[in-house]
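For reference, the structure discussed in these notes is given below.
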Amino acid sequence: HGYFTHDPGFTATSSCTSAITYIDGDEGLLYYRGYPIEELAYQSDYMEVSYLLIHGELPTAEQKRAFETSIRHHTLLHDQMENVFRGFRRSAHPMAVMIGVTGAMSAFYHKGLDNFDPQHREIVAHRLIAKIPTVAAWAYKFNEGQPFVYPQNRLSYAENFMHMMFSSPCEPYEPNPVLARALDRIFILHADHEQNASTSTVRLAGSSGANPYACIASGMASLWGPLHGGANEAVLKMLEEIDDVSKIPGFIKRAKDKSDPFRLMGFGHRIYKNMDPRAAIIRQTCYEVLDELGLRDDPQFKIALELERIALEDDYFIAKKLYPNVDFYSGIIFRAMGLPTSMFTAIFALARTAGWVAQWHEMLSDPAHKIGRPRQLYTGSARREFVPLDQRG
Ligand code: CMC
């Protein structure tokens, strides 16, 4: 009591112990439960990674089957939840709709919920992982004024999301295995990232014992910001604005100018002072997707590659250790797949759900966990006398 450290932005404060994700920012390493992200991205799949994050071990074949079956059984939303969507304006950003609808899940799936029962927590985790793709796709369909498409349980997790996004009652979407694999890999890369802003938000909200669906909605709200998950949308807008390779130096100049608030979106990271290992995998995946779609000459991809090349040779970016992060190339892949810019952050939220629930579950499993309660340095007025309204000048 009495003493505490003042650490705005938590640059040097650990808020918890965690056995889920390990990052070495200087070396550019990312491990989930001890497994390098590269191995998981190329050899595993998102269902397996979700299981790993929540349970701590890769599933056996039997455990994986049971997990996938459970996820498939939870993909539908309560029929009345359609009304929740219909309460929004058609023009609402999909993230606004997702936050609202996910928060509303706390009004639909609360019966008998006991946060301190591990089995209840498991059901919550499965429900969220299963239903968030439906919520995200329906937020998009609502925007477009198209009928909601129900999940198809014969499809894989990524294929099902694409089906709900792109199928219509007139024409079913035929999944493309290369694109589905790429999307699944992107889900893996976004699945967890230890105590970032949104995950810390989920933990802080959950530390009071609050309803988990509401806690995940609060994580989504935090993720939405352009300095966090909103960056993938901002990157694509920036590449569109740059428009031509010849204009890159002008934008680099602006990014370095302290009197200009402009930053190179998709560059820099609080922890990584080296290449974000996820960015390297996403760049490779970008080549695969653009090749599959015959878009290798995509002008925005060319601008992105050239921007990266120039920035990595620039003294400012070298001195500040600013490298491309996970959001730099993902938007190009999403756009090539036909996913609208407004859905980029929603897809990040979808994929991060596994990490959020794993972290929430880990926190509540710890018998020593406490309600989060940061301190402050008070900078306001000292005690003073109240002045009645008629005597105030
Ligand atoms: N462009 C130009 N300058 C930058 C950039 C950038 N993208 N990022 C950081 N800087 C400068 C910044 O101006 C500061 O300079 P100075 O020391 O002279 O004041 C220095 O580098 C350190 O930056 P900071 O803002 O103090 O660092 P931070 O750790 O608080 O912020 C960050 C990290 C990711 C918010 C920041 O790098 C940024 O705004 N990047 C652009 C947005 C972005 O791509 N966000 C996605 C992050 S990764 C995925 C995710 O979390 O969702």
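Nothing in this text is a laboratory measurement; each read-out follows from the coordinates by a stated rule. Note that this is a predicted model, so its numbers are computed, not measured. Because the Cβ atoms are built from the backbone with ideal geometry, glycine has one as well, and the counts that use them run over all protein chains shown.
Of the residues screened, Val124 is not one that is within 17 Å of the chain's Cα centre (by Cα), buried (at least 16 other Cβ atoms within 10 Å of the Cβ) and in a helix (DSSP H, G or I). Considering each residue of the stretch 93-107 in turn, none proves to be out of contact with any Ser or Thr (no Cβ under 7 Å at 6 or more places or on another chain), surrounded by fewer than 12 Cβ atoms within 10 Å (Cβ to Cβ) and farther than 19 Å from Ala349 by Cα.
Among the candidates Arg185, Arg181, which residue alone is of a type outside the set (Ser, Thr, Tyr), more than 16 Å from the ligand (Cβ to nearest atom) and touching a residue at least 40 places away in the same chain (Cβ under 8 Å)?
Values: Arg181 fails: touching a residue at least 40 places away in the same chain (Cβ under 8 Å).
So the residue among Arg185, Arg181 that is of a type outside the set (Ser, Thr, Tyr), more than 16 Å from the ligand (Cβ to nearest atom) and touching a residue at least 40 places away in the same chain (Cβ under 8 Å) is Arg185.
Quick one: which residue in Phe10, Phe4 is within 16 Å of the ligand (Cβ to nearest atom) and farther than 26 Å from Gln119 by Cα? When all the criteria are applied, what remains is Phe10. In the stretch 323-342, the residues that are closer than 12 Å to Pro277 by Cα reach residues that are among the hydroxyl-bearing types (Ser, Thr, Tyr) and within 14 Å of the ligand (Cβ to nearest atom) with C-beta atoms within less than 7 angstrom, at least six apart or across chains, in these pairs: Tyr323/Tyr272; Asn325/Tyr272.
Within the stretch 244-254, can you find the residues that are in contact (Cβ under 8 Å) with a residue 40 or more places away in the chain and either away from the ligand (no atom under 12 Å from the Cβ) or not in a helix (DSSP H, G or I) (or both)? Let's see the steps before the verdict.
Here is the first cut: in the stretch 244-254, the residues in contact (Cβ under 8 Å) with a residue 40 or more places away in the chain are 244-245, 248-249, 251-252.
Once the filter is applied, which keeps residues that are in contact (Cβ under 8 Å) with a residue 40 or more places away in the chain and either away from the ligand (no atom under 12 Å from the Cβ) or not in a helix (DSSP H, G or I) (or both), the stretch 244-254 yields Asp244, Val245, Ile248, Pro249.
Asn232 meets all of the listed conditions (1) polar (S, T, N, Q); (2) over 30 Å from Leu113 (Cβ atoms); (3) not in a helix (DSSP H, G or I) but one, namely (3).
Would you call Ser342 of a type in the set (S, T, N, Q), within 18 Å of the chain's Cα centre (by Cα) and over 30 Å from Ser14 (Cα atoms)? The answer is yes for Ser342.
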